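These notes concern the structure reproduced below.
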Amino acid sequence: MRGPRSWWKGGPASAVRSSAIWDKCRRLVEPHLIRYGGADGRVTAAADITLMGQFQSLGDNCEFGLVQRQLGAEPLGLFRFAHTMIDGLIAAFESRFIALQSPENIEVRYGEFPNGDFEYVTSVPQYQFNSHAAYQSGKMSADERRSKEMKRLNFLARNLIEDAESGEKIFVYKSNVPLAEQRIKDLYRAIDVYGPSWLLWVTPATADWPAGRVGEVSERFLRGSVDRFAPYELASDFSVQGWRTICSNAYHLWAARRPVRA
């Protein structure tokens, strides 16, 4: 079943994916990647880059996006460097991200992060969404900054919708705050409306679900555990080996279930 019709009626066949547009959007997020990458001195392998590029983060913060960068992958993602809450995330998928089309729904403000940094932050309260803004220049007017952020968010939303419709990526959601499994199932159902998408729900390891284990909760819905999450105030303090292990295990389950193309 396809997602509800709205402002974005395109799909893999109709999306504009020219290298010029792709490069332009990548330049918009490059300042963030440089500032928040935290991957100085990294040694990457081609296999890790391919593996980690198969996933798209849904939050709840920047941790998984930073893991991808540490392992050499730089996929574009609406939620890759954003803070999300489960209710807002579900609302975004259920509404097909339509709130991003209205400037009045998008706020760009100068604020402080837990680590003490001050910068422009882009928020969409309707979706409980807060992200590092791509535009940090103080020379822009508020309207100019909002307009540019709206274009950026919509580009990334279209990309995400295509991934959800095609089933070509595995969506990843983690939360340092424990969540009821039912809410994760609600998120999975909201994504499943779009197409044959997969969701990997990541939790801290427990006695009955040890680190590295990935199993199927239901069709195309996986749960995996890492030894620990990074604290919210220091998202770069992640367990790279723990994340690499569950992503590898999830990828193999995904690949084994993929229909064989003629």
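A simple spin-label model places pseudo-atoms 7 Å from Cα toward Cβ; at S166 and I98 they are separated by 2.6 nm. Each of Y232 and D87 was given a label point 7 Å from its Cα along the Cα-to-Cβ line. The distance between the two points is 1.5 nm. Each Lys or Arg adds one and each Asp or Glu takes one away; over the other residues whose Cβ falls under 9 Å from the Cβ of I106, this sums to -2. The label point for S141 and the one for L76, both projected 7 Å from the Cα toward the Cβ, are 2.7 nm apart.
Just so you know, all these numbers are worked out from the coordinates, no wet-lab data involved. Treat the numbers as computed from the prediction; the structure is a model and nothing was measured. Positions of Cβ are generated from backbone atoms using ideal geometry, with glycine treated the same way; all protein chains shown enter the neighbour counts.
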